[in-house]
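Remarks on the structure that follows.
No value in this document is a laboratory result; all are computed from the given coordinates. The shown structure was predicted, so the numbers you read here are calculated from the model rather than taken from an experiment. Positions of Cβ are generated from backbone atoms using ideal geometry, with glycine treated the same way; all protein chains shown enter the neighbour counts.
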Amino acid sequence: MSKPENTLIRGISELVTNAGDPPGRFAALTDAALVIADGRVAWTGPAARAPATDVVVDAGGRAVLPGFADSHAHLVFAGERSAEFAARMAGRPYRAGGILVTVEATRAAPDGALRANLRRLAAEMLRQGTTTFECKSGYGLTVPDEARGLALAAEVTSEVTYLGAHVVPPEFAADPDGYVDLVCGPMLDACAPSARWVDVFCEDGAFGADEAAAVLAAGRAAGLGARVHANQLGPGPGVRVAAEAGAASADHCTFLTDADVDALTSTPVVATLLPGAEFGTRQSFPDARRLLDAGATVALATDCNPGSSFTSSVPFCIALAVREMRMTTEEAVWAATAGGARALRRTDIGHLGVGARADLILLDAPSHAYLAYRPGVPQIAAVWQAGRLVAGSAP
Ligand code: NIG
Ligand code: FE
């Protein structure tokens, strides 16, 4: 039997490891090298001390980062809403009701069309450095349509989220409690086998605190971890509900009271910020500085969906976070890698410590700061997933 190959990447100007001391912070080495063996990081350190390996790749003075962990995306859908976006840019407000336009198109779409759109977006993410992504249902809102959405999502990721509680569909407009019963009962039974997470849109026009708590409790009883769409369009109970439910993450966090910030700093709930949604809805950006200065754990994700945030680009979100949300370049890159991993309760990704999955990005730039310094410029030269080159080309 031949020995498995190991690969040395040398000539790395900046190696972002997120594996320094203290933990939970951005950490990087300069003039570094990294060894991949069996799909994992086997060694990192100064280039001068790199061990001998079967294969050698020269990064040529460029930066290497952990692959992005995009912990919030809605990729199972049909149709598009560019006219709604254009109307918003002309001054109209964002309303949760737009979700139903996508629900109608998604229900009408054959499996093949949903699968093709999903795979196109997943491939788009990979080319932009995202090596792990979460994917929600939520545009089906019937038992078979939600189950179908989750089965399709499970074809492309292990981070699958049941979002039957996205909005109340029109056929239940007169009986929203009946819809919550469906979400917590037969729909959950059909969906739980394909999902790891349960999510609820806790917002005026979607689900209130009691309904959201009921959905999360039912999901947890079925073995799912909890996450919440919280405080996106206005102040509300979402963050509190997330904290009480022991959720992994409260997502959006755009309108927070001091009590919400306290809840995020005194519990392990990650505050996942989604600046693509503020960009796409012309809302004010969330106050990342307030959260970071208070000691909350912050993640950055795309919220890729056809309504509020039709971007699959984590680099775009990093640039927005740095320019518009006063995050440092280090904080933004940490939030999009290790922060996303925390929001998914994963320890094997989001960092390049020894033993981590060898998910990495070769940047066509000397440092991570270029992700924000050169916004809109494609700079992802190559992407490895579990040690395998999956996008771009190795030098
Ligand atoms: O995260 N907030 C709820 N869901 C999505 C929007 C979905 C849509 O507009 O289609 C979000 O922004
Ligand atoms: Fe969302």
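Which value, in debye to the nearest 20, describes the size of the charge dipole of the stretch 172-227 about its Cα centre when Lys and Arg Cβ atoms bear +1, Asp and Glu Cβ atoms bear -1, and nothing else is charged?
The dipole magnitude comes to about 400 debye.
Assuming 1.567 mPa s and 4 °C, estimate D for the stretch 1-43 with Stokes-Einstein, Rh taken as the Kirkwood radius over Cα pairs, in µm²/s. Walk me through the numbers on the way to the answer.
Working: Rh = 11.6 Å.
The diffusion coefficient I find is 111 µm²/s.
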Requested in this report: Give the order of H252, H351 when sorted by the count of other beta carbons within 10 angstrom, beginning with the fewest.
Outcome: H351, H252
Report task. Would you pull out the residues with amide H under 5 Å of A299's amide H, same chain only if 5 or more places away, H placed 1.01 Å from N? Result -> A271, T272, L273
Query - Within the chain, percent of DSSP bridges classed antiparallel, to nearest 5 - result: 45 percent
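So which trypsin sites (Lys or Arg not before Pro) in the stretch 253-309 end up in coil per DSSP with only 11 or fewer other C-beta atoms within 10 Å? Walk me through the numbers before you get to the answer.
Working: sites: R282, R289, R290; in loops: R282.
Loop-located and lightly packed - none at all.
Tell me, what are the semi-axes, in whole angstrom and largest first, of the equivalent ellipsoid of the stretch 69-343 as set by the roots of 5 times the Cα gyration tensor eigenvalues?
Values: eigenvalues 129, 89, 66 Å².
Equivalent ellipsoid of the stretch 69-343: 25, 21, 18 Å, largest first.
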Query raised in the report: Over the chain, what is the relative contact order in whole percent, taking alpha-carbon pairs under 8 Å and six or more residues apart?
Result: 20 percent
Query - Viscosity 0.890 mPa s, temperature 25 °C, Stokes-Einstein D of the stretch 173-323 from Kirkwood C-alpha radius, µm²/s - result: 156 µm²/s
Report summary line: Here, E104 and A52, labelled 7 Å along Cα→Cβ, have an inter-label distance in nm of 6.9 nm
Query raised in the report: When the C-alpha atoms of the stretch 1-120 are aligned to their principal axes, what extent does each axis show, in angstrom, from largest down?
Result: 58, 42, 27
